[in-house]
Amino acid sequence: MSVAINVENVVKKYDDVTIIPDMSMRIKNGEFFTLLGPSGCGKTTLLRMIAGFNSIEGGEIKFDDQVINHISAHKRNIGMVFQNYAIFPHLTVRQNVEYGLKLRKMNKAEMKKKVDEILDVVKITDYQDRLPERLSGGQQQRVALARAIVIHPSVLLMDEPLSNLDAKLRVEMRTAIREVQKQVGITTVYVTHDQEEALAISDRIAVMKDGVIQQIGAPENIYTRPYNVFVSTFIGHSNCFHGTLHREKDGLYVVFGNGYKLLMNNLCEECKDGQKVMIAVRPEEFCLGSEGLKAEIRTRTFLGKYVNYDLRFTGDGPLAMDIEFSQDVGQAERIMQPGDKVLLKPNSQKINVFTEDGERSLIKDVKRYE
Amino acid sequence: MSKRKGIKLDFWNVVTIVIVLVFAVFLVYPLFSLFLSGFRDAATGEYTLSNFAKFFSKKYYYRTLGHSFLVTTCTTILAVLIGAPLAYLTTAFKVKGKGLIDILVIISMLSPPFIGAYSWIVLGGRSGIITKFFANVFGIETPSIYGFGGILLVLTLKLYPYIYLYTCGALKKVDASLSEAAESLGCNAVRKVGTIVLPLIAPTILAGSLIVFMNALADFGTPMLIGEGYTVMPVLIYNEFISEMGGQANFAAALAVIMVVITAVMFLGQKYVVNKKSFTMSSLRPIQAKKIKGVPNVLMHIFIYLVVFLAIIPQITVIYTSFKATNGAIFVDGYSLDSYRSIFHSLGTAIRNTYLFGLIAIVIVIIVSMLIAYVTIRRKSWISNVIDSMTMFPYIIPGSVLGITLLLAFNKKPLLLSGTAFIIILAFVVRRLPYTLRSSAAILYQLSPSMEEAAISLGDSPLKTFFKVTAVMMMPGVMSGAILSWITIINELSASVILYTGSTRTMSVSIYTEVIRASYGTAAALSSILTLTTVVSLLIFFKVSGKKEVSL
């Protein structure tokens, strides 16, 4: 039932404005695939093209090997969950869930069995005879999910389904969605602008910007080995430094703006001596040491597990900028005070090095499309 | 143990009591006396059912009830069949000239009710333009415009805009994602309309149908002019009342009672159904109009333009004929301003009366509406609930019934009002209060009481707060209803035609009497002035409010 989705050189235009210039991706059968990006990056546009609500101006979208460009939405056998849920207000919960099955002319007994099952899976059996008005946001969300899944669609499409829920419910529902998806084993395309949600829920993530895919990969790879500076700063926080590469006898070093050197052993082969680079260090990739980047603590935020510090570089380096550093409370020897002067040593195994324009990673074996 | 709290005579309590008293004197008491008089024998004054027996035993009488029901039901069904698809098409698909269409629809709805009848007589009557054209050129006899068909044609074209505007309003609240959700579940376009769109807007269509039904049932001018032998209830009431004016109005009163009972049942029934089936909708992303191509697109445009054109024909006819040269009451070749000269010469009072009475009435309507809205929403008590129920009365009392009611109640001292301007203005206020009252209540629900509380906490008295804060913030909402009240006041016929005397006649009444006299030129000129006033009022309203629609 479930299919793979192949997006091949797809173009989207509204009149003269090009939203998606040329996009290709392969979404595997049964996979939980997330489109992630800032608003206006074209992620919802692409989802609605797969659904059939937006026209396709170029290229092809295939379900397995079948081109679906000209199949109208109601014949694509998709399940879609909308941002505002789009529960039919004049039908009860049960009638909402039955709606798609009735269109498929399923016999009564089988329909009842299927609806009972799915109501149970998403845990709304108790509310089945209520009108949607009397449901909370989380319950409406479950109805929407049940209604989309019960028809056994070829793909499940979800357009920011959690953005109208409060923070706690969001976490609860994303776990529920993930569980239901794995249980049913259905290819799912999920749109969100919330990077934490994307990391938590996905098998793979496509990070998009301005209608172009920046990187596709598993959550951990996207986070630890971003393909470019956009990805490294959009997902999580990265402190960026200008630097140069310097070859010495024992290997290739990155030299930070203020002269601090760090030996790297995982740079790719195209790296040259004297090449200008961009260095990205995440707040947790620093440790306090006897050598490193000189900085002074300005403020600190205690978060329980971590302490986050805002620091400013001291000394006469070319960079007078603010950086962020996270200290693991479980490991920390002491918690520092504003005004303390420290030396921060980046972890050479963890940090990322990009070309000077930030467009490409210079770390060995980092792939754009995984 | 008596728990007597001293009733504080603050401003709002006084207002509440005054409103109750005014309603009691000018609405409840007249209706009450109407009911009583319907149950009285004309000769002896004893209580009896003979008036009702007379009605239900003679075919000449009871068939009017059948006529009324048949023509009203057919009108309602046709209005829905035209108005609802029109609204869906203009919402779901791109239609050229949508803005103009909307304005024309509103104008055709807000024109004087009998202009339609009279224009269609001018066009398709015995010596009408179209009739003559077909007879002279083709030698074909066109079907008669008089009777059932004529009433149906005129009322449908006059009333479908209610359904159109109501449905457009409801469709704006349907979120596009609902329609997409249906598609994603495998629903084709036709089934989507049937299983999702239609059920969602059904309560609104039902509410609109009731308005159409009530309007059609109560309409006096149209069946009077074009119905000829096909008598309906309001016409019968008028005829019986006018002919029995020697103090024998009891039979007419009994007829009025029958009408009021029918409309009350309809009104309450509709309220019950709508309340039971209602659900709230709000749309973040309204349905976008899609472009369609080819034959469907052409057919759609033909349908829309045809309906709107047919509905606006009366206005065009009226304005055109008002500039025709006349010889006495007969149109001759050529154009002139004779009709206008003639009305300013002989009917100047009617024009003056219309604006004067209308302005006084609308000012009263606005003040009373705001006060009632405030009392019933912010000062809830059993008394304000009584007021709330009394405001239902205007919905269920047809104009001609109201005319008789007021005349019967106020034709002797100490409240001898018949023949005065006061009674006409009273009829205007009672009949057209609901539009403004509803919009005032709607806006007040949206205003947070904390705004008033803030003003009071800063040291304003509650009275000052109402006029300086609440009333000012309510104004935009109030005005959107007041525009409808105003336009329907100046076009009011069915009550004023019973209440007028020579010195208190209005333009509507004059048009009616001129048409009866077959003086079509002067009638057309008067109608044109009314239509012009309506259009100008609408344009000013659109300009000031920045909207392109009226809220019903």
Worksheet, complete the sentence: Interchain or sequence-distant (5+) residues whose placed amide H lies within less than 5 Å of the amide H of B:A325 are B:V332, B:G334, B:Y335, B:S336
Discussion item. Once you place label points 7 Å from the Cα toward the Cβ at A:S136 and B:I140, how far apart are they in nm?
Written reply: 6.9
Worksheet item: Going by accessible area, probe 1.4 Å, with all protein chains left in place, what is the ranking of B:K59, A:K102, largest first?
Response: B:K59, A:K102
Discussion item. So, taking all protein chains as they sit and a 1.4 Å probe, how much accessible area belongs to B:K412, in Å² rounded to tens?
Written reply: 110
Worksheet, complete the sentence: Averaged over the residues of B:279-286, the number of partner chain Cβ atoms within 10 Å of each residue's own Cβ comes to 3
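Restricting attention to the stretch A:238-343, which trypsin sites (Lys or Arg not before Pro) occupy a DSSP loop and are surrounded by at most 13 other Cβ atoms within 10 Å?
Counting only loop positions with at most 13 other Cβ atoms within 10 Å, the trypsin sites (Lys or Arg not before Pro) in the stretch A:238-343 are A:K249, A:K272, A:K305, A:R334.
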Worksheet item: What accessible area, in Å² to the nearest ten, does a 1.4 Å probe give for B:D41?
Response: 50
Fill in: 20 Å Cα-Cα reach of B:K324 towards aspartates and glutamates, excluding residues that sit fewer than 8 places from it in its own chain
B:D333, B:D338, B:E514
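At 0.36 nm per residue, minus the direct Cα-Cα distance, what do A:E196 and A:E8 gain on full extension? Give it in nm, one decimal, please.
Difference between extended and current length: 64.9 nm.
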Discussion item. Through the Karplus equation 6.51 cos²θ - 1.76 cosθ + 1.60, θ set to phi - 60°, convert the phi angles of the stretch B:484-501 into ³J(HN,Hα) values in whole Hz; use x for Gly and Pro.
Written reply: 5, 4, 4, 5, 6, 5, 5, 9, 5, 10, 5, 7, 5, 5, 8, 8, 6, 10
Worksheet item: Rounded to the nearest 100 Å², what is the sum over both chains of accessible area buried where A meets B, with a probe of 1.4 Å?
Response: 2000
Worksheet item: Around A:M80, which amide H atoms from residues at least 5 apart in sequence, or from another chain, sit under 5 Å from its own amide H, with H modelled in the peptide plane?
Response: A:L157
Fill in: Most mobile of A:H242, A:H90, A:H152 in a GNM of chain A (Cα contacts under 10 Å)
A:H90
Worksheet item: Once phi is turned into ³J(HN,Hα) by the Karplus curve 6.51 cos²θ - 1.76 cosθ + 1.60 with θ = phi - 60°, what whole-Hz value does each residue of the stretch A:131-144 show in order, with x for glycine and proline?
Response: 7, x, 3, 8, 10, 6, x, x, 5, 4, 4, 5, 4, 4
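Shielding of A:149-161 by partners, i.e. mean partner chain Cβ atoms within 10 Å per residue?
Partner Cβ neighbours, averaged per residue: 1.
Quick check: residue separation of B:M475 and B:R517 times 0.36 nm, minus the Cα distance between them. What number comes out in nm?
That works out to 10.8 nm of additional length.
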Response to the item:
Shielding of A:101-108 by other chains, given as the mean Cβ count within 10 Å, works out to 2
Worksheet entry | Qualifying lysines (Cα of each under 19 Å from Cα of A:K182; at least 8 residues distant if same chain) | A:K28, A:K114, A:K123
Discussion item. At R0 = 51 Å, how high is the FRET efficiency between B:F56 and B:Y355 if r is their beta carbon distance? Nearest 0.05 is fine.
Written reply: 0.70
Fill in: FRET efficiency, A:C287 to A:L169 (Cβ-Cβ, R0 41 Å, nearest 0.05)
0.65
Item to complete: Just add up the charged neighbours of A:K28: K/R +1, D/E -1, any other residue whose Cβ is under 10 Å from the Cβ of A:K28.
Response: 0
Worksheet item: For the protein assembly as shown, what does -39500 (n - 2.57) per DSSP helix run (n ≥ 4), summed and divided by total residues, give at 222 nm, in deg cm²/dmol to the nearest 500?
Response: -16500 deg cm²/dmol
Worksheet, complete the sentence: Once B:V20, B:V363, A:V281 are ranked on solvent-accessible area with the largest value leading and a 1.4 Å probe, the list reads B:V363, B:V20, A:V281
Fill in: Accessible area in square angstrom per residue, chain A, 1.4 angstrom probe
46
Discussion item. As an exercise, identify the GluC sites (Glu not before Pro) in the stretch B:210-316 lying in DSSP coil whose Cβ has no more than 15 other Cβ atoms within 10 Å.
Written reply: B:E228, B:E244
Fill in: Coil-residue trypsin sites (Lys or Arg not before Pro) of the stretch A:15-86, DSSP, other Cβ within 10 Å capped at 16
A:K28
Worksheet item: Long-range amide H contacts for A:G59: which residues qualify at under 5 Å (H placed 1.01 Å from N, peptide plane, sequence gap of 5 or more or a different chain)?
Response: A:V11
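Local charge sum around A:R94 (other residues, Cβ-Cβ under 12 Å, Lys/Arg +1, Asp/Glu -1)?
Value of the local net charge: +1.
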Response to the item:
A 1.4 Å probe over the protein heavy atoms gives the protein assembly as shown a carbon and sulfur accessible-area percentage of 60
Worksheet, complete the sentence: Sequence order, the stretch A:76-82: Karplus ³J(HN,Hα) from phi using 6.51 cos²θ - 1.76 cosθ + 1.60, θ = phi - 60°, Hz rounded, Gly and Pro as x, gives 7, 6, 10, x, 10, 10, 9
Discussion item. If I build a Gaussian network model for chain A, linking alpha-carbon pairs within less than 10 angstrom, which residue out of A:Q66, A:Q215, A:Q141 has the largest mean-square fluctuation?
Written reply: A:Q66
Worksheet item: Using alpha carbons only, how many degrees (0 to 90, rounded to 10) separate the axis of helix A:93-103 from the longest principal axis of chain A?
Response: 70
Fill in: Minimum 10 Å² accessible area buried by the other protein chains, the stretch A:38-72 residues, probe 1.4 Å, relative to alone
A:R48, A:F53
Worksheet entry | With Cα atoms, 0 to 90° folded angle of helix A:108-121 axis to chain A main axis | 30
Worksheet item: Looking at the stretch A:237-355, how many pairs of lysines come closer than 25 Å at the Cα, when each pair is eight or more places apart or spans two chains?
Response: 24
Practice prompt. Leaving ligands, DNA and RNA out of it, work out the accessible area of B:T506 with a 1.4 Å probe and give it in Å² to the nearest 10.
Written response: 0
Worksheet item: Reachable lysines from A:K13, Cα under 23 Å, same-chain residues fewer than 8 places away excluded?
Response: A:K43, A:K62, A:K209, B:K94, B:K290, B:K291, B:K293
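The values are calculated or read from the model by the stated rules, or taken from the named source; none is laboratory data. Treat the numbers as computed from the prediction; the structure is a model and nothing was measured. Neighbour counts run over all protein chains shown; Cβ positions are idealised from the backbone, glycine included. Quick note on the areas: whole protein, heavy atoms, side chains included, nothing else; ligands and nucleic acids left out. Shrake-Rupley method; radii C 1.70, N 1.55, O 1.52, S 1.80 Å.
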